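Colleague: Just passing along the structure, written as structure tokens.
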Amino acid sequence: MLQPTYPIRTPRLNLRPFTSTDIAAFTAIYTHPDVIRYLTWEPHGRMEIRELLARKAKHTAITEPGQSLSLAVILVDSGEVIGDISLGWVRGEHENGEVIIVLHPRFHGNGYGAEVCLEILRLGFDVLKLYQIFGACDTRNIASASLMEGLGMHRDPTLREREELKPKWSEELIYSMLATEWRRR
């Protein structure tokens, strides 16, 4: 079970559940062309964005497989929402998790992705006691692949034509880390 006390703090970031007041930042992230080109879906309007935010705002704890934690990534210095990070407990025989991170492109290249992902990996392995955590990205998304490699995740076989991504089929890179690898870091 993972029921964090909020905010979760890292040296430069706070993580907390989304609220309806995050709508402007959330919209800026999920309508940015450099973000949506790697998503398998595309927000079509304000209502769809509001519905996504409302769903994510409910994901504040993980008590059983199939649930996820979705958190706003916030700069400590300014209080600005710069991204969205999720940890999902994947249903199945093994205790697997999936990490998904989306940062506004204006904040790429500052190490925020690594900082927040390390905290999510810690929660997944040390608190939730997952066996393995994986992440996926489009093969064209070099920044995400580099982030996962920099975290010490290992590249697994590529999934070919996994998702129909506007307007062609996408290939995904899969990266994973085992709990034993996490403890050896």
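The values are calculated or read from the model by the stated rules, or taken from the named source; none is laboratory data. Everything numeric in this text was worked out from a predicted model, so none of it was measured. FYI the Cβ positions are ideal-geometry reconstructions off the backbone, even for glycines, and counts take in every protein chain you see. When the accessible area is computed, the model is the full protein with side chains, heavy atoms only, and any ligands, DNA or RNA have been set aside. Shrake-Rupley method; radii C 1.70, N 1.55, O 1.52, S 1.80 Å.
Colleague: Somewhere in the range 120-132, is a residue in a loop (DSSP other than H, G, I, E, B) and either open to solvent by 50 Å² or more (accessible area, probe 1.4 Å) or free of Cβ contacts under 8 Å to residues at least 12 places away in the same chain (or both)?
Modeller: Yes, because at least one residue in the range 120-132 is in a loop (DSSP other than H, G, I, E, B) and either open to solvent by 50 Å² or more (accessible area, probe 1.4 Å) or free of Cβ contacts under 8 Å to residues at least 12 places away in the same chain (or both).
Colleague: Would it be correct to say that residue 24 is at negative phi and surrounded by 14 or more Cβ atoms within 10 Å (Cβ to Cβ)?
Modeller: Judged against the criteria, residue 24 is not a match.
Colleague: Tally time: how many residues in the range 51-67 are in contact (Cβ under 8 Å) with a residue 24 or more places away in the chain, more than 12 Å from residue 19 (Cβ to Cβ) and not aliphatic (A, V, I, L, M)?
Modeller: 5
Colleague: A further question follows. For residue 84, indicate whether it is within 20 Å of residue 113 (Cβ to Cβ), surrounded by fewer than 18 Cβ atoms within 10 Å (Cβ to Cβ) and either hydrophobic (A, V, I, L, M, F, W, C) or in contact (Cβ under 8 Å) with a residue 12 or more places away in the chain (or both). Show your work before the answer.
Modeller: On the way: within 20 Å of residue 113 (Cβ to Cβ): yes; surrounded by fewer than 18 Cβ atoms within 10 Å (Cβ to Cβ): no; either hydrophobic (A, V, I, L, M, F, W, C) or in contact (Cβ under 8 Å) with a residue 12 or more places away in the chain (or both): yes.
Judged against the criteria, residue 84 is not a match.
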